[in-house]
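The values are calculated or read from the model by the stated rules, or taken from the named source; none is laboratory data. Predicted model, so just to flag it, every value in this text is computed and none were measured. Note that each Cβ is placed from the backbone with ideal geometry, even for glycine, and that neighbours are counted across all protein chains shown.
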Amino acid sequence: MELLVFHTLVIAHIISGATGAIAFWVPVIGRKGGTNHRRWGQVFTLALLCTGSFALAMSLLSLYDPMGTHPQLVGRFDEVFVRGFFGHLMLCAATLTINLTWYGWMLVRNRSRQELNRTRAMYAWQWVVIGASINCAAQGWMMGEKLLIGLAVVGVATGVTNLVFLAKEHPSREDWLKEHVKALVGAGISVYTAFMAFGSVRVLPELALHPVMWAIPLAVGLTIIIWHRLAIDRAARQRRSTVAQAA
């Protein structure tokens, strides 16, 4: 029964993750602020929240019974590795995905109205991500797996930078736009990383912890974030120039 539940979660996770991975590119490439941007952004957000929730449930089951939920890995990896990779690492990735998706979506809904962003749930999720990341780093240290520590650094940095933004009293339009891009593109990075890294365990297990499997989505995502941040700054300069000329 436990294995059946886990396999059901895996199927649901793949379906929602694939939906999010496809929807991700419409807001990224398309015209910003338009109907398609909003519609596909909503699809992406819902899909990623589901994906992260399924991954969270899978990680908890993996922590409870690592080898029972991954019988195909018996004889290939020991229990410590399976619990660390599919339990602690996936727990960190899942909470990070949910956090980034929800945070990015709330920012575009609330914009500069910080009082709507500063909810107990919003603050709680930042500390949940930081706590899961610290645990992931500790497990990686004990296992001697630097990859777990690397993801933990991303998780802690995300929680801390989100808290820093929430501390701003009057964020500008550029501030919340940059945070919105950072969060939702970051969530997109997590989806593609999961497909390449966690998925490779089932196809080519020896590639699961290869740095390239994690570096490719990260490099693409960072490029997208930097490009959009520069575009936001250019648009802001153009608006200020137009206002100055009109004055």
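Quick notes on this structure:
- Within the stretch 170-199, residues that are basic (Lys, Arg) sit with their Cβ atoms under 9 Å from residues that are surrounded by fewer than 23 Cβ atoms within 10 Å (Cβ to Cβ) and outside any helix (DSSP H, G or I), at 6+ positions apart or across chains, in these pairs: ARG173/ARG111; ARG173/SER112.
- Set side by side, the residues THR51, THR35, THR95 differ, and just one is within 17 Å of ALA12 (Cβ to Cβ) and of a type in the set (Ser, Thr, Tyr), which is THR51.
- Some residue of the stretch 163-173 being at pLDDT 85 or above and closer than 16 Å to ILE29 by Cα: no
- Inclusion of ILE134 among residues that are modelled with pLDDT of 90 or more and surrounded by fewer than 16 Cβ atoms within 10 Å (Cβ to Cβ) is warranted.
- Of all residues in the stretch 127-154, those satisfying the criterion of being of a type in the set (Gly, Ala, Ser) and either within 15 Å of GLY84 (Cβ to Cβ) or part of a loop (DSSP other than H, G, I, E, B) (or both) are ALA132, SER133, ALA137, ALA138, GLY140, GLY144, GLY150, ALA152.
- Test: residue in the stretch 119-127 that is at pLDDT 90 or above and over 23 Å from the mean Cα position of the chain (by Cα): no
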